[in-house]
Amino acid sequence: MAALATPLTEHAGIEVPLICGAMYPCSNPELVAAASDAGGIGILQPVSLTYVHGYDFREALRYMRRLTDRPIGMNALIEKASRRYHERMTEWIDIALEEGVRFFVTSLGKPAWVVDRVAPHGGVVYHDVTERKWALKGLESGVNGLIAVNRRAGGHAGPRGVEELIGEVGDLGVPVVCAGGVGTPAEFARALELGYAGVQLGTRFIATRECTASDAYKRAILEAGEDDVVLSEKLTGVPVSVLNTGYVRRMGLSAGPLARRLLRSNRTKHWMRLFYAAKSFWQLKRSLSDEEKELWQAGKSVAGISEIESAGDIVRRYAAAVSGATPA
């Protein structure tokens, strides 16, 4: 495993520099635990655990602990659009710390308060960024690493390419993780060669036996090519990478002129984001079980995904591409 040792593996206490990224609504406990148990690290998404999968948050953490004794991380969406949501996120972070979580991934806001909360407990924070200016703000907040979300990612993709983004943020003195467009072991190895400290996968882990997404969603990922991934503003008000299904085509890709105006206004943008967040939570949750509501997030990595595997086999195959070992 020496070839796989990076600052990410040291920070997270893992063997393989590979993150199973937090996904709303796909991050069920079994998937998160399986990625961790194989030597990577699964990142739990608290809204998925509680709202979609119906767990009490602390009990979900304890359930995952029964599935694996290896490190598990937590995702904190930290934008303070809602005071109630911020209070709930703070409570979830405190519970996670009490239950032994020490690796945190932050996004959609300034992470200083998360760093201040977890650092006294030995917690490590990696922050999602799409370009240098956001990376600098994260560093001002004291984060330990960056997750560089490129234009090939699912969900809220960034504007930069894989190589362009490491060139832009790779000189800031902290580990940088590649997020987006990695669907094969060879692409994982290439990201490490470029100087990334690890890779975060999302779409690849949806097409697994442990993920509870619908069979239709998984089949769509297997059958899709890069050109089947489009950007839609209809989900959150800003472009999100989704599969170009019949439902998406009927719905359209662009937000209306009134919505765009309200999203740009300093007086109304926070309320509009809150509205879109609530709507998207409901739409994405429904899409897991209602095959007529084909609203499925995915990134360009679909091009390299051709079969449904176990999460553990994915971690082991990717590790073997770097270490030269034969996956068990």
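The values are calculated or read from the model by the stated rules, or taken from the named source; none is laboratory data. Remember, it's a predicted structure, so these values are computed and weren't measured experimentally. Cβ atoms come from the backbone with ideal geometry, glycine included; neighbour counts cover every protein chain shown. These area figures cover heavy atoms from the full protein model, side chains too; ligands, DNA and RNA do not enter into them. Shrake-Rupley method; radii C 1.70, N 1.55, O 1.52, S 1.80 Å.
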ask   = What is the number of the single condition among (1) buried (at least 22 other Cβ atoms within 10 Å of the Cβ); (2) more than 17 Å from the chain's Cα centre (by Cα) that residue 206 does not meet?
value = (2)
query = For the range 282-328, how many residues are closer than 17 Å to residue 190 by Cα, of a type in the set (Ser, Thr, Tyr) and either modelled with pLDDT under 95 or under 17 Å from the mean Cα position of the chain (by Cα) (or both)?
reply = 2
key: Residues that are within 17 Å of residue 20 (Cβ to Cβ) and either out of contact with any Phe, Trp or Tyr (no Cβ under 9 Å at 6 or more places or on another chain) or part of a loop (DSSP other than H, G, I, E, B) (or both), drawn from the range 94-115   = 101, 102, 107
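Kindly evaluate residue 179 against the criterion of being buried (at least 20 other Cβ atoms within 10 Å of the Cβ), under 15 Å from the mean Cα position of the chain (by Cα), of a type in the set (A, V, I, L, M) and modelled with pLDDT under 95.
So residue 179 does not fit the description; no.
Of all helices (runs of 4 or more DSSP H) completely enclosed by the range 145-226, which ones contain at least 3 residues that are more than 19 Å from residue 295 (Cβ to Cβ)? Write out each step before concluding.
Working: elements: 162-169, 185-193, 203-206, 215-223.
The qualifying helices (runs of 4 or more DSSP H) are 162-169, 185-193.
Is it the case that residue 55 is open to solvent by 10 Å² or more (accessible area, probe 1.4 Å) and under 12 Å from the mean Cα position of the chain (by Cα)? Walk me through it before giving the result.
Details: open to solvent by 10 Å² or more (accessible area, probe 1.4 Å): yes; under 12 Å from the mean Cα position of the chain (by Cα): no.
Judged against the criteria, residue 55 is not a match.
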query = Picking from 97, 31, which residue would you name as being of a type outside the set (D, E, K, R), open to solvent by less than 10 Å² (accessible area, probe 1.4 Å) and out of contact with any Leu (no Cβ under 7 Å at 6 or more places or on another chain)?
reply = 31
key: Cross-chain or 6+ apart pairs with Cβ under 7 Å, the range 161-182 first and closer than 12 Å to residue 197 by Cβ, then surrounded by 19 or more Cβ atoms within 10 Å (Cβ to Cβ) and aromatic (Phe, Trp, Tyr)   = 166/196; 176/196; 177/126; 177/196; 178/196
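Is it the case, given these coordinates, that residue 225 is at pLDDT below 75, out of contact with any His (no Cβ under 7 Å at 6 or more places or on another chain) and farther than 24 Å from residue 45 by Cβ?
Working: at pLDDT below 75: no; out of contact with any His (no Cβ under 7 Å at 6 or more places or on another chain): yes; farther than 24 Å from residue 45 by Cβ: yes.
When the stated conditions are applied, residue 225 does not pass them.
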Residue ID - modelled with the lowest pLDDT, chosen from residues in the range 64-88 that are buried (at least 16 other Cβ atoms within 10 Å of the Cβ) and part of a loop (DSSP other than H, G, I, E, B) = 81
ask   = How about the range 18-38: which of its residues are closer than 22 Å to residue 313 by Cβ and assigned to a loop (DSSP other than H, G, I, E, B)?
value = 21, 22, 23, 26, 27, 28, 38
message = Name the residue that is least open to solvent (accessible area, probe 1.4 Å), counting only residues in the range 133-154 that are in contact with a Gly (Cβ under 7 Å, 6 or more places away or on another chain) and among the small types (Gly, Ala, Ser).
response = 153
Selected residue (criterion: nearest to the chain's Cα centre (by Cα)) from residues of the range 209-218 that are open to solvent by 20 Å² or more (accessible area, probe 1.4 Å) and at pLDDT below 95 = 212
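Scan the range 39-63 for residues that are out of contact with any Ser or Thr (no Cβ under 8 Å at 6 or more places or on another chain) and either of a type in the set (A, V, I, L, M) or assigned to a helix (DSSP H, G or I) (or both) and report the count.
Pass one, the range 39-63, residues out of contact with any Ser or Thr (no Cβ under 8 Å at 6 or more places or on another chain): 39-41, 46-47, 50-52, 54-55, 58-59, 61-63.
The next check asks that each one be either of a type in the set (A, V, I, L, M) or assigned to a helix (DSSP H, G or I) (or both); those that pass are 41, 46-47, 50-52, 58-59, 61-63.
Number of matching residues: 11.
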ask   = In the range 178-219, which residues are of a type in the set (Ser, Thr, Tyr) and under 19 Å from residue 39 (Cβ atoms)?
value = 184, 196, 208
inquiry  = I'm told residue 26 meets every condition in (1) open to solvent by less than 10 Å² (accessible area, probe 1.4 Å); (2) in contact with a strand residue (DSSP E or B) (Cβ under 8 Å, 6 or more places away or on another chain); (3) closer than 24 Å to residue 298 by Cα except one. Can you identify the failing condition by its number?
reply    = (2)
